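Heads up, the thing below is written out as C-alpha cells.
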Protein chains: 4
Amino acid sequence: MANFLHRRQFTVQWSQCDPAGLVFNSRFFEYFDWGTWMLFEAALGVRPPDLAGAFGIVGLPLVDAGARFIAPARFGDIVEQTSQVSEFRRSSFDVEHRLTIRGELAVEGRETRVWAARDPADPARIKAAPIPAEIIARFRPA
Amino acid sequence: MANFLHRRQFTVQWSQCDPAGLVFNSRFFEYFDWGTWMLFEAALGVRPPDLAGAFGIVGLPLVDAGARFIAPARFGDIVEQTSQVSEFRRSSFDVEHRLTIRGELAVEGRETRVWAARDPADPARIKAAPIPAEIIARFRPA
Amino acid sequence: MANFLHRRQFTVQWSQCDPAGLVFNSRFFEYFDWGTWMLFEAALGVRPPDLAGAFGIVGLPLVDAGARFIAPARFGDIVEQTSQVSEFRRSSFDVEHRLTIRGELAVEGRETRVWAARDPADPARIKAAPIPAEIIARFRPA
Amino acid sequence: MANFLHRRQFTVQWSQCDPAGLVFNSRFFEYFDWGTWMLFEAALGVRPPDLAGAFGIVGLPLVDAGARFIAPARFGDIVEQTSQVSEFRRSSFDVEHRLTIRGELAVEGRETRVWAARDPADPARIKAAPIPAEIIARFRPA
C-alpha cells in the first residue's frame, strides 16, 4: 500500500522565473526540498528544525536528485505539489514529488536521501544509519 | 490616514539559510518583492501576472531598496510580514515591509518602485508614468 | 571520439551554502546551467545572450536534469567543473557536468536539453527542431 | 585617504535574471556579499572560510544593507564591481559596492557589518567587538 502523501499548494513568484518567463530549473529543487521537510513534519509530527534532534540524526542529506520538466510553470501559476516516500531502504529512501498546474502534470521530481547520524566511532564523521522501523511505520496508512 | 496594509505569514525554509543557520540577506529581498506583489493583488484585485496588462504598464521596477536586520531569522521560524505603501508620489512610491518573529521585529525593509509604462514617443523605451488617482485611492482605507 | 569539453573554475560562495555548511543542492543546477552556456560559447563562438538569435532558435529548454552528490562542497572550496555534450540526438542533446574538488569527484550532473525554435505553423508555439549538422560538428575535435 | 579597493569582474548569468530579462534585485545582494568576502581576502590575505578563525571572530554579520538601481543589468552583461570599506567605526564598518556595465554605473550598494565575537560572559551569545587597529591598518594604502 502506498505511503503517506503530503499535499501543498503555492504560487510561483516573480523572483523564481527566468527571462523566458518560466520557473528556472534550480527553483524546482527548492520546491522538492521544502516538500520533503513538510512531508516529514506531517508524518512524524516534528517541526523541521527539530527533526534532527528528535531522532538523533544529523539530517537527511541528499545523495541523488532528478527532475523531468513536462510543462512550463509561469509567474503566478498555482502549483499543487504532492510529496511521498516511494521506497524506504535500510538507511536511505526515495521521495517523489509531482507538481501539477491547472490539473496537468508539469514536473516530476525525485530525491534520494540518507538517514544520517554521527559515526559512534568518530563523532566528527557522519554515516548512514538504519532507519528505525517506527519511523517507517509512521509513513504507512493506518 | 495610513494606506492599506497586507499581512502574510510564511515559514523560513532550509534552502533560504546560510552556514550561520540564519536567513541569508538576499532572501529578504525576495520576501519583500513577493510582499509587494501580494499587497497590490489585495488592494487592486488583480493577480500578479495580470497586473501590468490590467493597468497599461510594463511593471513596477525597483529603483532603491534597503533593509535593517534587527534580529536573526532561523530555519523553521514563522515570519509575519506586513507590507504597506508608505508614500505615493507622482510616478513612484515606497513600500515598507516589517518582518516579525514571535512578536518581535526582526527585519525592516524598504522598496522604492516606479509606475513604468512604454514611452509613447518610443515604444522600445520605458518611462515613469503618473500613477492614476484611482489606483492610489484603492490603497486608502474606506 | 569525445566531444569538446569545457573547463571552468569557481569558488563556492557563502550565499550558496546551507546551515549544514554545504552547497545547497539547487545551486548545483545553477552551476550546471552556467556550464552549458559557457560550453556553447566556447564551442560556437557566440556569447550566451546572442545564442538564440545567431541560430534562429528560442533557446535550449531543459526537459530533464539530475545530479549525484558524492562528496560535499563547502564555503570557499575551489571547484573544477567540466561540461561536455555526451550525446547529440535529432533535436535534443545531453550535457554531462563533473565537479571536482581537490582532485576528487564531488558531483556529477546531467541535463537533457532541446534545440527549440518557433513553430512555423504557429509562431506563438515552440517546438523541437533538428540540430544543424554544422552545430554538432563544432563540438567535434578537429 | 581612501581605503583599499577591490575590483572583480563577472558575467551576469541566465539564472540570475527575471522575466523582464534583468538581474533580479536580490541577486545584487549576493554580488555585494561576495565582493565583501573577496575584499577582506585581498586586504587580509586570508581565505573566506578561514577569516573567522584567523581573527577570533564568529563572522561579519550584516545589520543594514541598501542598493540604488540606476541602470539595468542583463543576461550576459560583463559587470565590473568595486568594493571598498568607506568607514571603520569601533566595532562596525560600511562597505560600498559599485557595479559598472560598459563604463556606466548601474548599481550602488551599501552594507553595514559588525565585527562579531563570542561574548566572553556567555559564549552562547554573540556581541560586537572592537575592530583591531592592525586590521584597519591593512585596509590603508601604504
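The values are calculated or read from the model by the stated rules, or taken from the named source; none is laboratory data. Fair warning: this is a prediction, and the values are worked out from it, not measured in the lab. Here the Cβ positions follow ideal geometry from the backbone for every residue, glycine too, while neighbour counts run over all protein chains shown. For accessibility, only protein heavy atoms count, side chains too; no ligands or nucleic acids. Shrake-Rupley method; radii C 1.70, N 1.55, O 1.52, S 1.80 Å.
Side notes on the structure shown:
- Residues located in the range B:70-116, provided they are touching a Phe, Trp or Tyr at 6+ places or on another chain (Cβ under 8 Å), in a strand (DSSP E or B) and of a type in the set (A, V, I, L, M, F, W, C): B:ILE78, B:VAL79, B:VAL85, B:PHE88, B:PHE93, B:VAL95, B:LEU99, B:ALA106, B:VAL107
- Considering residues of the range A:1-44 that are within 14 Å of chain C (Cβ to nearest Cβ) and small (Gly, Ala, Ser) only, the residue nearest to the chain's Cα centre (by Cα): A:GLY35
- Members of the range D:75-89 that are in contact with a strand residue (DSSP E or B) (Cβ under 8 Å, 6 or more places away or on another chain) and not small (Gly, Ala, Ser): D:PHE75, D:ASP77, D:ILE78, D:VAL79, D:GLU80, D:GLN81, D:THR82, D:GLN84, D:VAL85, D:GLU87
- Positions within the range C:75-131 being surrounded by fewer than 14 Cβ atoms within 10 Å (Cβ to Cβ), within 30 Å of B:ASP18 (Cα to Cα) and not basic (Lys, Arg), in sequence order: C:ILE78, C:GLY103, C:GLU104, C:LEU105
- In the range A:45-74, the residue that is surrounded by the most Cβ atoms within 10 Å (Cβ to Cβ) out of those that are out of contact with any strand residue (DSSP E or B) (no Cβ under 7 Å at 6 or more places or on another chain) and among the aliphatic types (A, V, I, L, M) is A:LEU51.
- Checked against the criterion of being assigned to a helix (DSSP H, G or I), among the β-branched types (Val, Ile, Thr) and in contact (Cβ under 8 Å) with a residue 12 or more places away in the chain, the candidates A:ILE57, A:ILE126, A:ILE135, A:ILE131 yield just one match: A:ILE135.
- B:GLN9 meets all of the listed conditions (1) open to solvent by 20 Å² or more (accessible area, probe 1.4 Å); (2) within 23 Å of A:TRP34 (Cβ to Cβ); (3) without any contact (Cβ under 8 Å) to a residue 12 or more places away in the chain but one, namely (3).
- Residues of the range C:65-91 that turn out to be closer than 23 Å to A:PRO61 by Cβ and either within 14 Å of chain A (Cβ to nearest Cβ) or within 15 Å of the chain's Cα centre (by Cα) (or both), as a count: 12
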